[in-house]
Each structure stands twice: as C-alpha cells, then as structure tokens.
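Step one of this worksheet: look at the structure below.
The values are calculated or read from the model by the stated rules, or taken from the named source; none is laboratory data. On a predicted model such as this, the values are computed, not experimentally measured, just so you know. Quick reminder, even Gly has a Cβ in these numbers, built from the backbone with ideal geometry, and neighbours come from all protein chains shown. Ligands, DNA and RNA are stripped out before the accessible areas are found, and what is left, the full protein with its side chains, is counted by its heavy atoms. Shrake-Rupley method; radii C 1.70, N 1.55, O 1.52, S 1.80 Å.
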Amino acid sequence: MHLTATLRASAARRAARTGPARVTGDDLRHAITRGREANLVLLAVDASGSMAARKRMGEVKTAVLSLLLDAYQRRDRVGLVTFRGTGAELALPPTSSVDAAAARLAEMPHGGRTPLAEGLTEIARVVARERIRDRNQRALVVLVTDGRATAGPDALARAQRIADAWGHTAETVVVDCESGRFRMGLAADLAHRMGAEHIALEQVAASGLVEIVTDRTTPRRSAA
C-alpha cells in the first residue's frame, strides 16, 4: 500500500463529504513499480589508441564491477564489448557475477586501429542473441567512442551504414570521448544516425558511466 497516496485520497473524499470519516477500501492506493523487467547493460568501448585507451579501459572496467555490485538487487546482467586492431570481441559475456567479471577483466589488451564497424556489428549480434535468450529483458547499450573509424577499407563509411540501419536494435547512449582542440563531431553524427542519445564526456570516468546507466535502468515508482 502507498500510505501517502491513500491518506491523500481519504482526505479528498472527506473534503467532498462523501462516505465515513475514515480510510475505506475505496481510498486504498498501491505503489506500482514500472520497468521491473531485467536489464541487459552492454558497455562497448573503443580500446584502440595508447595512453587515453588505457585510462578509458580502466574506468570502464571499474564501471562494470560497480554496476554488478548493485545488480544483485535486480536480475540485471552486464557485458562488455571491446574493439581494437582489426576486430571486436565480447570481452565479458553478459553476467551478474562480480567474481566472473573480475577474472575476465583482469587483462584487457588495448592499442592499434579502430574497427568501429566491427564493433557495432558485434554489439548488434550480442543484443540479438540475448533477446532470443530472454525476450522480456530490456537492453541498454552504452557505446564509448570518439566516432573515429580507421581499420579496413572505407572504415568510416562502413560504420555509418551500420549506424543508419541501427533502428530498434537497442536503446543506445553514445558517450563521446573526443578530445583535443580541433574536433570532428564524428561521435555526435554516429549517435544521430543510430537514433541514440549523445553525451559528451571527454574525460571518461567510472562514476559518470554508472550514473548514465542507473539513470536509465532504475525503475520509476508511481501511486495508483
């Protein structure tokens, strides 16, 4: 029972002078929790580059573990896709286990070119597979990238074609980590093509990533 809403309904009825001056069955209000379905949170990170990539990967790993520590209260699972060099991989299959995640995330390679198209393809593959596994879960993709694509022929054009067809693949947030004085706006364009939310976060931090996810997966409560 939602106590505040119940008392409010009872007071409104008394003010209208209908019925006895006490709480009745008609006054009862209950808290309805919306969005209690399980969440699949898939973080995807550009692991190319050097020093920036090393720090970025460290923050993403911390965010994954933080999200999993909170996931025991729900049925949420968290996974991680990385892309670097010439391809992408599911570095952490969706899990709700902190121990399993810590073991898989202990050593994560980084550096090389940016195979953005391959990264997007792997994300879509994982989401599709998980949707077959559980049709009731809600998928949220958090893509951490500056939008550059440098691996393979027509790298950027291939990534843009995949982004244009993203459609209803999953609710997606593009975390734009482009830095420097002169910016190309590629991540913003990518988000637009994907129909995704765009968030500029030059200095990627674990706390910021956790906040992005929790703001979009925490159930909202309302009285009825």
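Scanning the stretch 183-213 for residues that are of a type in the set (A, V, I, L, M) and either in contact with a Leu (Cβ under 7 Å, 6 or more places away or on another chain) or farther than 15 Å from L116 by Cβ (or both) returns I199, A200, L201, V204, A205, A206, L209, V210, I212, V213. Counting only residues that are in contact with a Gly (Cβ under 8 Å, 6 or more places away or on another chain) and surrounded by 18 or more Cβ atoms within 10 Å (Cβ to Cβ), the stretch 160-173 holds 2 of them. Where residues in the stretch 49-64 are open to solvent by less than 10 Å² (accessible area, probe 1.4 Å) and small (G, A, S), which of them is nearest to R131 (Cα to Cα)? So, considering only residues that are open to solvent by less than 10 Å² (accessible area, probe 1.4 Å) and small (G, A, S), the one nearest to R131 (Cα to Cα) is A63. When you check A91 against the structure, is it at pLDDT 90 or above, buried (at least 18 other Cβ atoms within 10 Å of the Cβ) and farther than 18 Å from D215 by Cα, yes or no? It is true that A91 is at pLDDT 90 or above, buried (at least 18 other Cβ atoms within 10 Å of the Cβ) and farther than 18 Å from D215 by Cα.
Of all residues being in contact with a Lys or Arg (Cβ under 6 Å, 6 or more places away or on another chain) and modelled with pLDDT under 90 in the stretch 111-131, which is surrounded by the most Cβ atoms within 10 Å (Cβ to Cβ)? Just the residue, please.
T114
Take the conditions surrounded by 20 or more Cβ atoms within 10 Å (Cβ to Cβ), among the charged types (D, E, K, R) and at pLDDT below 95 and apply them to D134. Does it pass? No; evaluated as a whole, the condition is false for this residue.
Looking across R104, R84, one residue alone is closer than 20 Å to L190 by Cβ, over 18 Å from the mean Cα position of the chain (by Cα) and either crowded, with 19+ Cβ neighbours inside 10 Å or at pLDDT below 95 (or both). It is R84.
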